[in-house]
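Before any comments, here is the structure.
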Amino acid sequence: MKRWLMMLCCACAGLAAPALFAASSGPPQPSASTYAQRMQWFADAKFGIFIHWGIYSVDGITESWSFFDGDIPYADYMKQLKGFTASRYDPQAWADLIKASGAKYAVLTSKHHDGVALWPTKRGLNVVKDTPARRDLVGPFVKALRKDDLKVGLYFSVIDWSSPLYPAFTHDQTRYQIKDDPGRWNRFVTYYQDQVHDLTNRYHPDLYWFDGDWEHTAEQWHSKQLRDWIMTHNPDAIINSRLAGWGDYGTPEQGVPIARPPYKYWELCLTMNNSWGWQPHDHHFKSTDQLIRILADTASMGGNLLLDIGPRADGTIPKIEADTLRQIGQWLGKNGEAIYGTVAGIPKDYYAGASTLSPDHKTLYLFIDGDPQGPVLVKGLTNRVVRAWVVGNGTILSPQRVGATLGNAPAPLYVDVPEDTLDPQHVTAIGLALDGPIKLYRDTSKPTQLNPDEPTMRAIQ
Ligand code: GLC
């Protein structure tokens, strides 16, 4: 399959409604409350850090795909094993940085499509026996995150292009077809699921971030069996959607959704530059301001942002990435109330920007990008505003209704945010405490028909 086609399939997999909601013949359905309880920390978190770390950081090339796509020979890709030292790996410093970023969880690539695991697997390639790192890199990471009270996510690629048991090797080379040798495929399924069992028994992750499901069907992956096993042995865990539909939440990748995605829980995974792993020539970094806008926009649509960093082969995190994380953390330190634990905000026809709501819907948070050059406008807000303030510095604001109220249509609300109270660098958040759960007005009456033959009037009916 061409890479673009694979990526498309991948994106579709990420966007497909999890089978948990869709399948009628799925596993015993968890009760709605159990599902909601299991998902609560994730829904509240809003911000997580993705870490792509593997032997691809030795030469600074694309993770796994570089050999699969034929950019370099497999043997050359694997030479990187010799250079993967992790010599300056400081998992506690990683965890502390993640904590400082304001993220509530992190997801580490325990094994990418190249099949090189970061922990001592019984079978297959791993950094303990095959690289100079010579030690488990997952365990200390898990321990450090937990010390900092962060939730632990482990990325695991179900694809393993290095395994002799796996059908695909590269874009142009296939080892075998499943239909010709189902026994070999079954041995692969046992191999990969054993690795997931091992990860579970050793580290008990809070979240499983599967990837690569697009190469086979849910039946072939035995996704249901794996999900059932995880739910039995790690019942509080959360599973992303890339287990061929047997997951708990959607995973749009790179493209910031324009409208709210059609599922209750979702997470946008996004690179800080254009690469998942460390690539020294990729300088296309998004600015802190752009990332904060994306974070606010994602929260506005009820989702999480999983922002990626790519450490070097020695375990150091590039300064630009660390600086950006700290800056986001500083912003969240002041404005976290408008992000953490919120739910999706109001439609953009009411406020032309990102917004969130407190879970009881009694506080509306509006995000202002840059200088609004005048009061911000909220339309159709039926409630009385009890208090309005700048979240980052507590300045009290005095919103005003301008215009007469006709029937049930509330007059527009204008909130003047003086320039010296705006966030000096990034997005400003303002809070509006309402007199009750938010009620938005929408005119449902038909437009007056002045002249039935008039084309524009016909168009709006
Ligand atoms: C895609 C890519 C993979 C990357 C992942 C992150 O699935 O195949 O390289 O790790 O996206 O979401």
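Comparison of G315, G370 shows that the only residue that is out of contact with any strand residue (DSSP E or B) (no Cβ under 7 Å at 6 or more places or on another chain) and not assigned by TED's automatic domain parsing to the domain that holds A93 is G370. Screening region 297-388 for strands (runs of 3 or more DSSP E) wholly inside it with 3 or more residues that are over 20 Å from the mean Cα position of the chain (by Cα) and over 25 Å from L154 (Cα atoms) returns the ranges 363-368, 376-378.
Among the strands (runs of 3 or more DSSP E) confined wholly to region 43-160, which include 1 or more residues that are of a type in the set (F, W, Y), more than 13 Å from the ligand (Cβ to nearest atom) and modelled with pLDDT of 95 or more?
Fully inside region 43-160 and qualifying: 47-51, 105-111.
Residues in region 280-296 that are touching a residue at least 60 places away in the same chain (Cβ under 8 Å) and either surrounded by fewer than 21 Cβ atoms within 10 Å (Cβ to Cβ) or in a strand (DSSP E or B) (or both): 5 in all. The residues on offer are W229, W278, and the sole one that is closer than 25 Å to T34 by Cα and in the same structural domain as F156 (by TED's automatic domain parsing) is W229. When F42, F68 are screened for being over 24 Å from D194 (Cβ atoms) and in contact (Cβ under 8 Å) with a residue 24 or more places away in the chain, only F42 passes. With respect to the stated conditions, W266 is crowded, with 21+ Cβ neighbours inside 10 Å, within 16 Å of the ligand (Cβ to nearest atom), assigned by TED's automatic domain parsing to the domain that holds Y155 and among the aromatic types (F, W, Y). Taking region 202-244 as the range and being away from the ligand (no atom under 14 Å from the Cβ) and assigned to a loop (DSSP other than H, G, I, E, B) as the test, the residues that pass are H204, P205, D206, H216, T217, H222, N234, P235, D236, A237.
Contact map, region 238-252: first residue at positive phi and assigned by TED's automatic domain parsing to the domain that holds M301, second residue at pLDDT 95 or above and within 13 Å of the ligand (Cβ to nearest atom), Cβ cut-off under 8 Å, separation 6 or more or different chains; pairs are A244/D213.
The values are calculated or read from the model by the stated rules, or taken from the named source; none is laboratory data. Just so it is clear, the structure is predicted and the values come from calculations on it, not from any experiment. Neighbour counts run over all protein chains shown; Cβ positions are idealised from the backbone, glycine included.
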